[in-house]
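Q: Here it is, the structure in full.
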Amino acid sequence: MTALMDQDQPLLRVSSVTKYYDLMIGCRNVSFDLWPGEVLGIVGESGSGKSTLLNCLSTRLEPNSGAIEYNTRASGLVDLFTMSEAERRMLMRTDWGFVHQNPRDGLRMGVSAGANIGERMMAVGARVYGDIRESAAHWLGRVEFDIDRMDHLPSTFSGGMQQRVQIARNLAVNPRLIFMDEPTGGLDVSVQARLLDLLRELVGDLGLSAIVVTHDLAVARLLSHRLMVMRNGEVVESGLTDQVLDDPQHPYTQLLVSSILQV
Amino acid sequence: MPQPSSLKAGYNFAYLDEQTKRMIRRAILKAVAIPGYQVPFGSREMPLPYGWGTGGIQVTAGIIGPDDTLKVIDQGADDTTNAVSIRRFFANTAGVATTEQTEDATIIQTRHRIPETPLQAGQILVYQVPIPEPLRWLEPRETETRKMHALQEYGIMYVRLYEDISRYGHISTAYDYPVMVNGRYLMRPSPIPKFDNPKMDRNPALQLFGAGREKRIYAVPPYTSVKSLDFKDYPFQVQKWDDCCTLCGADDSFLDEIITDDAGGRMFVCSDSDYCAKRRDAGHSGPNPGEAATKKIGEAGDAA
Amino acid sequence: MYVAVKGGEKAIENSLDLVAEERRGDRDVPELTIEQIKSQMALAVDRVMTEGSIYDRDLAALAIKQAQGDIIEAVFLLRAYRTTLPRFGYSAPIDTAQMGIQRRISATYKDLPGGQILGPTYDYTHRLLDFDLTEENRNGPAAARTAPEAVNDGEIPHVTDLLNHEGLIQQEPETDEDAPIADLTRQPLAFPAGRDLRLQNLARGDEGFLLALGYSTQRGYGNNHPFVGEIRMGEVSVEIEPEELGFPIEIGEITVTECELVNQFAGTADSPPQFTRGYGLSFGKAERKAIAMGLVDRALRCRELGEEPTAPAQDEEFVLYHTDNVEASGFLQHLKLPHYVDFQSELELIRKLRAEYMARRQAAAE
């Protein structure tokens, strides 16, 4: 399956991506490579451009300039915005996941937890009910969700449980790359901690690549191997997570690090 | 076109002007070329209300000629008021021959049923369609559903079937049951009972669908594959009755339930009135052809 | 012996006879004439012409009579007739600046070139039932104090043109005069809809629906701070330019009501703050309809103005798919048609589901 994918190339190659709204800058001149199995954290305060960048990377927004190439299973590195919409949507269904801060944005609230996970499989052709159900149960188990409640609607779950269902929905098609936007943002601190452990475990076990946007340095430290610090639409510092957080070089990073409780 | 003297003065043959008919035929040709695809067309205001068969009437008006023989059914029967009304409309405006015999008709316009008598090559079945979009209850936006068809993103349709099974143990859609046409387009068969779905598959007749209010025409050409959606381990099944037709004894037709008194008495008769009459003419008879059945709902073995 | 319900034909004929009889009503009362409806129920005629999309007072009056005063039914009759009419040509755009003005008011300027003309309006009537009207009065009320003579001193500028001189109002985008104009009586709606298509849809749309939608924008569901820049009502001439002639000829006059709304707009990074426009037009005297249309038109322009669509009135598909009362009324009323077969299918299903449910309960109890 991965025969044509070039193992010597990064999974995602981002070159000079710039996106502006009217005259306001969203993000400017961002470049980086993401390698298979790597987790990249993007931190910054609100308005720093991290969400704009995430939306560009996940093709929800088209950048004004620059290129975003993805290492497709079929033909290696391809610029996402030269693909047809059909190809892009296929990629989103089969190769990618997106975990939203608000589970409402990533779940169908009107159908059961099981169907939420099954949908991804049915969208790529699964047609045996028993298999779909078994697989849904498996993934719900992996996110430590109570299987007895798999036929219940997400609206009857707590925020933490909804988030687990959303994560399971994303994992069900064995994606290679997951985008996460403040994945634990709306949750209580105790729930957050457990969910973060789980995420770290899953990403490691499944060998996923991930891009995690967060304003929370503690989340970034726990999940990401590498870190990019953004301010006013630009990347001001990047490097290995421990290096950036323990020995920040840029004054803004120093300010960020010193302004939070030590973890 | 010469008009029989019985025609309504001041109106063209079959009501619509010839340009409009050409426009409709172009839409039909496109629909036949892309089985199951909904072709937008410039639906006209008809002298019957939207929702009462204006799509079917326009399709019929577009294809009918003076030599055609028309049959119109509603709920399978030729004598329901709406069927009578549409038949009168064409008798008045086109002066064509009409029939109640399925095999004698060249065009059959229908609402909610497919005749029990198998259709032949050369016949055209015209369905009246209220809502043509199979994805409409799942996604209200036309711009989005057109994209979903273009990209064949039909996963969400299966979500509905999945939910039925997890809740009830089987798929609980009883009519307007979605089908895949020619392995490509998801299509609504109009509100026929799922009992009729298998008849659509590889049918020798041309099947045309007209939705007047929604302004769409679609088609299933003769001998085209029409598959009802299902799961491999929960295959599509049609309704079955414990009873047979009280009048003709048929046990292979769709049965209407008739309430015979206010104490739960009921009987079942063929919904296809032509089929039932033919069987009786041929000497078949049901359990109680001479009187209403006296079976009570409470005795029917239902847990209700 | 059970016999399937027959005689649909006879039932329909009887029903038609009953309708005819009810329509005529008490035969001791003189029958309504088309002339009476045209002259004394003129506002009903205007509404039927507007939503029926055909300017013909006689046909509209006939439709109202035939429909026993049911306005939506009358619109339907007119539309069904309209379908059968051939098209001889297309008129040139009407020029409302050249209108023979009967009424012209502005809520934005106290005085303006051309002046304010109150004209006939219910605005300042006290809504007291006038029992004098119960008696027929052959002579009618005293003649109007000033003869309602149309004012037309040549061109009367639009308020929006005055604002435009200062660049205070959004410029309408230049349109190619030869570009085809959308016509939803010939092509089905397609999205995204151009403004030509939207305006045509709204002009034909149900007054009640547009009124409610327009009202909703005033209550915060897509607020756009409207001012009535101007309402003008009066006669305009309709011209066509036959190809073989090469110059336009006037084929008649129609009465129209035009409403131009001026709406607040904060501007974007690319454009300075300025006013924006909403436009409404109806046949005859149909001011409420024209204002409602203007509000909804403005609401639907949210995308071109970079506003986030959040309210029902800003939702193009929602609005344009549901304005047409002939479509809506037909589909709603089709619920009266037999649904035996669908219902039978549901009946079977419900019985099956209930049987399974009872069996499960029984099994659980044992």
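The values are calculated or read from the model by the stated rules, or taken from the named source; none is laboratory data. Computed from a predicted model, the values in this text were never measured in an experiment. Glycine gets a Cβ as well: all are built from the backbone with ideal geometry, and neighbour counts include every protein chain shown. In case anyone asks, the SASA skips ligands and DNA or RNA and just uses the protein heavy atoms, side chains included. Shrake-Rupley method; radii C 1.70, N 1.55, O 1.52, S 1.80 Å.
Q: Before we move on, is A:Arg60 free of Cβ contacts under 8 Å to residues at least 12 places away in the same chain, away from every other protein chain (no Cβ under 14 Å) and under 17 Å from A:Ile211 (Cα atoms)? Working first, answer last.
A: Values: free of Cβ contacts under 8 Å to residues at least 12 places away in the same chain: yes; away from every other protein chain (no Cβ under 14 Å): yes; under 17 Å from A:Ile211 (Cα atoms): yes.
Yes: the conditions hold for A:Arg60.
Q: Let me ask something additional. Determine whether C:Phe209 is away from chain A (no Cβ under 14 Å) and over 20 Å from C:Gln170 (Cβ atoms). Working first, answer last.
A: On the way: away from chain A (no Cβ under 14 Å): yes; over 20 Å from C:Gln170 (Cβ atoms): yes.
Yes, satisfied.
Q: Also, quick follow-up: Looking at C:Gln68, C:Gln36, which is the one that is in contact (Cβ under 8 Å) with a residue 24 or more places away in the chain and out of contact with any strand residue (DSSP E or B) (no Cβ under 7 Å at 6 or more places or on another chain)?
A: C:Gln68
Q: Quick test of your reading of the structure: C:Glu13 fulfils all but one of (1) open to solvent by 60 Å² or more (accessible area, probe 1.4 Å); (2) closer than 24 Å to B:Thr20 by Cα. Name the failing condition by number.
A: Single failed check for C:Glu13: (2).
Q: Which of the residues belonging to segment B:24-41 are out of contact with any helix residue (DSSP H, G or I) (no Cβ under 6 Å at 6 or more places or on another chain), touching a residue at least 24 places away in the same chain (Cβ under 8 Å) and within 13 Å of chain C (Cβ to nearest Cβ)?
A: Those that are out of contact with any helix residue (DSSP H, G or I) (no Cβ under 6 Å at 6 or more places or on another chain), touching a residue at least 24 places away in the same chain (Cβ under 8 Å) and within 13 Å of chain C (Cβ to nearest Cβ): B:Ala27, B:Gln38, B:Pro40.
Q: Among the numbered criteria (1) in contact (Cβ under 8 Å) with a residue 40 or more places away in the chain; (2) within 14 Å of chain A (Cβ to nearest Cβ); (3) surrounded by fewer than 20 Cβ atoms within 10 Å (Cβ to Cβ); (4) on the phi < 0 side of the Ramachandran plot, which single criterion is violated by B:Val238?
A: (2)
Q: Let me ask something else. Could you tell me whether B:Thr117 is open to solvent by 10 Å² or more (accessible area, probe 1.4 Å), more than 12 Å from the chain's Cα centre (by Cα) and either on the phi > 0 side of the Ramachandran plot or within 14 Å of chain C (Cβ to nearest Cβ) (or both)? Steps first, please.
A: On the way: open to solvent by 10 Å² or more (accessible area, probe 1.4 Å): yes; more than 12 Å from the chain's Cα centre (by Cα): yes; either on the phi > 0 side of the Ramachandran plot or within 14 Å of chain C (Cβ to nearest Cβ) (or both): no.
Criteria not met by B:Thr117.
Q: With the structure loaded, tell me whether B:Arg87 is outside any loop (DSSP other than H, G, I, E, B), open to solvent by 10 Å² or more (accessible area, probe 1.4 Å), among the basic types (Lys, Arg) and more than 13 Å from chain C (Cβ to nearest Cβ) or whether it fails that test.
A: On the way: outside any loop (DSSP other than H, G, I, E, B): yes; open to solvent by 10 Å² or more (accessible area, probe 1.4 Å): yes; among the basic types (Lys, Arg): yes; more than 13 Å from chain C (Cβ to nearest Cβ): no.
Taking the combined requirement at face value, the residue does not satisfy it.
Q: Within segment B:252-262, is even one residue more than 14 Å from chain C (Cβ to nearest Cβ), part of a loop (DSSP other than H, G, I, E, B) and modelled with pLDDT under 95? Before you say what the answer is, go through the steps one by one.
A: We begin by selecting, within segment B:252-262, every residue more than 14 Å from chain C (Cβ to nearest Cβ); these are B:252, B:262.
Restricting the remaining residues to those that are part of a loop (DSSP other than H, G, I, E, B) gives B:252, B:262.
Going one step further and asking which of them are modelled with pLDDT under 95, we end up with B:252, B:262.
Yes; the residues of segment B:252-262 include at least one that is more than 14 Å from chain C (Cβ to nearest Cβ), part of a loop (DSSP other than H, G, I, E, B) and modelled with pLDDT under 95.
Q: Residues that are modelled with pLDDT of 95 or more and either open to solvent by less than 50 Å² (accessible area, probe 1.4 Å) or away from chain B (no Cβ under 14 Å) (or both), at least 2 per element: which helices (runs of 4 or more DSSP H) completely within segment C:264-365 meet that?
A: Numbers: elements: C:287-300, C:316-322, C:325-333, C:340-365.
Filter on segment C:264-365 gives C:287-300, C:316-322, C:325-333.
Q: Hey, another quick one. Considering every residue within segment B:178-192, establish whether at least one is among the polar types (S, T, N, Q), surrounded by 23 or more Cβ atoms within 10 Å (Cβ to Cβ) and under 22 Å from B:Arg216 (Cα atoms). Let's see the steps before the verdict.
A: Applying the first criterion (among the polar types (S, T, N, Q)) to segment B:178-192 yields B:182, B:190.
The next check asks that each one be surrounded by 23 or more Cβ atoms within 10 Å (Cβ to Cβ); those that pass are B:190.
Now narrow it down to the ones that are under 22 Å from B:Arg216 (Cα atoms): B:190.
Yes, the conditions are met somewhere in segment B:178-192.
Q: Does segment B:40-52 contain any residue that is modelled with pLDDT under 95, outside any helix (DSSP H, G or I) and of a type in the set (Lys, Arg)?
A: The answer is yes, given that some residue of segment B:40-52 is modelled with pLDDT under 95, outside any helix (DSSP H, G or I) and of a type in the set (Lys, Arg).
Q: Next question, about the same structure. State yes or no: is B:Cys248 within 13 Å of chain C (Cβ to nearest Cβ), touching a residue at least 60 places away in the same chain (Cβ under 8 Å), of a type outside the set (D, E, K, R) and buried (at least 17 other Cβ atoms within 10 Å of the Cβ)?
A: Values: within 13 Å of chain C (Cβ to nearest Cβ): yes; touching a residue at least 60 places away in the same chain (Cβ under 8 Å): no; of a type outside the set (D, E, K, R): yes; buried (at least 17 other Cβ atoms within 10 Å of the Cβ): yes.
It is false that B:Cys248 is within 13 Å of chain C (Cβ to nearest Cβ), touching a residue at least 60 places away in the same chain (Cβ under 8 Å), of a type outside the set (D, E, K, R) and buried (at least 17 other Cβ atoms within 10 Å of the Cβ).
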